[in-house]
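What follows is one structure encoded as structure tokens, with my remarks underneath.
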Amino acid sequence: MKKQIITTVASALLFTSIVGCSSGSKSGTSPSPDTGKNAGASSSPSKENVELTWWVDTREDVQKTYEEIKADFEKANPNVKINMVKTPDDKINERISIAANTAALPDIQQGSIFWPLSYARKNLLVSLDDIVDKADFEEKTLKNVSVDNKQYIYPNSIVSVGVLINKDIFKEKNALDLLPKNMEPWTTEQFMKAAKAVTDPAKQIYGYGLYAADTGGDQGHHAMLWGYGAKTWSEDNSKAVINSPQGAEGLDFLVKMVDEGVVPPGAAGLKASAVMNDMFTQGKLGMAFGNIGNVAALNKAFTEGTAKKFDIDLVPFPSKDGKSSNTVLFGYGTWVWNTKNETKMKWSKEFVKFMNSKENMEKMAQASSVIATRKSLAKNYTEGTLQAKTIQLFQYAGDIGLAVPGYPETRNAFFPEIQAALTKKKTSQQALDDWAKKANEIIASSSK
């Protein structure tokens, strides 16, 4: 399976808004389930009839595989019946909140990894520590779906963010040599030089698509600040710590891009969706925050003739010293809800293990919207493709805060401070100090 550039990837991977010694079961087999210490389950298998509800995301290219995996599991375990329910990601928090308050939670869910972890702190998720094959995943991938060092989501389709490149613009300016080769890290100084080389205000072309008008794509700001040595959260996710000298230096770099004129005018008032869907797509940006999930929309615009086709590439985010990079993970995974029904939770975990075996994950990866997260499946992607480059970025994953209490509210408080810094209403240090104070108040309130 030598997959070429993805033609359809759910765009929600970008704006939605990322584990045990035993390996996943082989297809067609299913050992006795165990909910582990979290659910107080015994190790005794139960063969009584069980009916499970499984909510799944709505990506069309994986529905057939979901059905096949369900059928295989039911065939191997005749006492188990699984009811699969397609559930859109939009307003999913509202659906779960209602379900939790009315004792109507599903047993299993397959969906975006970007929102469920906060429920682990409310004891609504079952730990999957004893069923996830840790050795076959990047450590940072697993950290992004854990709370207090326990795995709560089995990741099966992950993408990483980086810097998308319009290679045609760089070719036109004879500046391709300014871009990193072979996914090597590069410095912020090199990044600035590349941005300047392709900026052409007369043609309304700019080096990088900076924005700060809403929460969309705010992960790009964090990745830039991390490049200066900053961290957004403390190790235990209990405190915002991005207001360090390193964080302020990173935000100063974003302000410098505005001052140097390598970003669109009025960047502070631009939304990420406008930057990507309009400016980058229409060939007005040399570089933009994004991931492989944006390629589907780009290819659609090229095919329909609403935008002139150009060559796309993906490179790492820069860092001050150019020795490493940073990224944020997006994607999908499977988890088990704590329904307090011991038997159902046992079999739910067993299905999750079965579904995410190497064999079944490889089946899911045949869909164009899926990039398998297992390291052993990386060989299925041809070297140099956007898929392979995406996987190379996994090693740089940082903690964007998915497990932070009140994370969505902290995001809402973040972009106004970035705006204030970009428009020089506040210094970078003051803006980050103010956000850290607000974020920590949100964390304290959400932790009660």
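Just a few scattered comments:
- Which listed residue is among the small types (Gly, Ala, Ser) and under 22 Å from Lys140 (Cα atoms), from Ala420, Ala439, Ala365: Ala365
- Residues satisfying the stated conditions in region 117-162, i.e. small (Gly, Ala, Ser) and either in contact with a Pro (Cβ under 9 Å, 6 or more places away or on another chain) or farther than 30 Å from Phe317 by Cα (or both): Ser118, Ala120, Ser127, Gly162
- Conditions (1) farther than 20 Å from Gly333 by Cα; (2) buried (at least 18 other Cβ atoms within 10 Å of the Cβ); (3) under 21 Å from the mean Cα position of the chain (by Cα); number of the one not met by Leu422: (3)
- Scanning region 164-183 for residues that are among the aromatic types (Phe, Trp, Tyr) and either over 20 Å from Asn291 (Cα atoms) or in the same structural domain as Ile391 (by TED's automatic domain parsing) (or both) turns up nothing.
- Condition met for Thr385 (within 21 Å of the chain's Cα centre (by Cα), of a type in the set (Val, Ile, Thr) and either at pLDDT below 90 or more than 30 Å from Ser238 (Cα to Cα) (or both)): yes
- For Met183, the conditions (1) touching a helix residue (DSSP H, G or I) at 6+ places or on another chain (Cβ under 6 Å); (2) assigned to a strand (DSSP E or B) are fulfilled apart from (2).
- When region 425-448 is limited to residues that are assigned to a loop (DSSP other than H, G, I, E, B) and surrounded by fewer than 16 Cβ atoms within 10 Å (Cβ to Cβ), the one that is modelled with the lowest pLDDT turns out to be Lys448.
- Pair list, Cβ < 7 Å and 6+ apart or interchain, from region 320-340 residues that are closer than 23 Å to Thr58 by Cβ to residues that are basic (Lys, Arg): Val336/Lys349
- Cβ-Cβ under 6 Å pairs, at least 6 apart or on other chains, region 426-448 side farther than 12 Å from Phe414 by Cβ, far side aliphatic (A, V, I, L, M): Lys426/Ala420; Ser428/Ala248; Ser428/Leu251; Ser428/Ala421; Gln429/Ala248; Asn440/Ala240
- Any hit, region 131-149, residues being hydroxyl-bearing (Ser, Thr, Tyr), over 30 Å from Met192 (Cα atoms), in contact with a strand residue (DSSP E or B) (Cβ under 6 Å, 6 or more places away or on another chain) and modelled with pLDDT under 95: no
- Filter pass, Gly322 being touching a Pro at 6+ places or on another chain (Cβ under 7 Å) and crowded, with 24+ Cβ neighbours inside 10 Å: no
- Any hit, region 85-92, residues being in the same structural domain as Lys363 (by TED's automatic domain parsing) and assigned to a helix (DSSP H, G or I): yes
- Just so you know, in region 392-424 the residues that are part of a helix (DSSP H, G or I) and charged (D, E, K, R) include one that is farthest from Gln246 (Cα to Cα), and it is Glu409.
Let's see how each residue does on (1) of a type in the set (A, V, I, L, M); (2) within 30 Å of Ser445 (Cβ to Cβ):
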{"position": "Ala378", "(1), (2)": "yes, no"}
{"position": "Thr382", "(1), (2)": "no, no"}
{"position": "Gln392", "(1), (2)": "no, no"}
{"position": "Ile400", "(1), (2)": "yes, yes"}
{"position": "Pro405", "(1), (2)": "no, yes"}
{"position": "Arg411", "(1), (2)": "no, yes"}
{"position": "Gln419", "(1), (2)": "no, yes"}
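- The set of residues in region 68-84 being among the aliphatic types (A, V, I, L, M) and either modelled with pLDDT under 95 or assigned to a helix (DSSP H, G or I) (or both) consists of Ile69, Ala71, Ala76.
- Residue within region 224-243 that is assigned by TED's automatic domain parsing to the domain that holds Leu432, of a type in the set (D, E, K, R), out of contact with any helix residue (DSSP H, G or I) (no Cβ under 8 Å at 6 or more places or on another chain) and assigned to a helix (DSSP H, G or I) present: no
The values are calculated or read from the model by the stated rules, or taken from the named source; none is laboratory data. Quantities reported herein were computed from a predicted structural model and do not represent experimental measurements. When we count neighbours, we look across all protein chains shown, and the Cβ atoms used for this are built from the backbone with ideal geometry, even at glycine.
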